[in-house]
Structures are given as structure tokens and as C-alpha cells.
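Read through the structure below, which is laid out as C-alpha cells, and then see the notes.
The values are calculated or read from the model by the stated rules, or taken from the named source; none is laboratory data. All figures in this text were calculated on a predicted structure; none of them were measured in a lab. Don't worry about glycine lacking a Cβ; one is built from the backbone with ideal geometry, like all the others, and counts go over all protein chains shown.
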Amino acid sequence: MIKFIVDEQPNGNKIHLIHNGNAACEALPAFDNQILIGYFENYELAYKRARMNWPTEKVEGCPMCCKA
């Protein structure tokens, strides 16, 4: 299972990025800005959970560690 987190702070486009917490991503947010989405088999499942948890926020996968 892969640990997925979302950045609490949106980027310049007001998008909260989803990150693979198991990857050594250079864009991983500071620990204090990480919100655990959960542990999933793949990014698609984590994205669906993030949309359920934050339906009014824009969320996308990090281009470095979450290839859809």
C-alpha cells in the first residue's frame, strides 16, 4: 500500500497537490502542511478519496510523484 498525502497549502493556482508519501519527491510539503489521505493501491483511488474528503477544493496529483 502506498501512503498518500495532500498539501494543506494550495499552490499558486489554488490547487492542493496530492503526493506519494513513499516516494522521495522533491516537492513534498513540510510535515506540518501534510494531511494524510490514506493508504491505497494506486493514485486513482487516493484521488477519489481526496475528492470525497474535500469536494469544494481543487486537488491534483503532483507531476513528480503521482503519475495518473
Fill in the blank from the handout: Of the residues in the range 53-68, those that are surrounded by 13 or more Cβ atoms within 10 Å (Cβ to Cβ) and assigned to a loop (DSSP other than H, G, I, E, B) come to 54, 57, 62, 64, 65, 66
Exercise for the section: Hey, can you tell me all the residues within the range 11-52 that are loosely packed, with under 14 Cβ neighbours inside 10 Å, part of a loop (DSSP other than H, G, I, E, B) and in contact (Cβ under 8 Å) with a residue 12 or more places away in the chain? Expected result: 13, 14, 22, 26, 27, 41, 42
Handout entry: Condition check for residue 38: among the small types (Gly, Ala, Ser), touching a strand residue (DSSP E or B) at 6+ places or on another chain (Cβ under 8 Å) and modelled with pLDDT of 95 or more
Key = yes
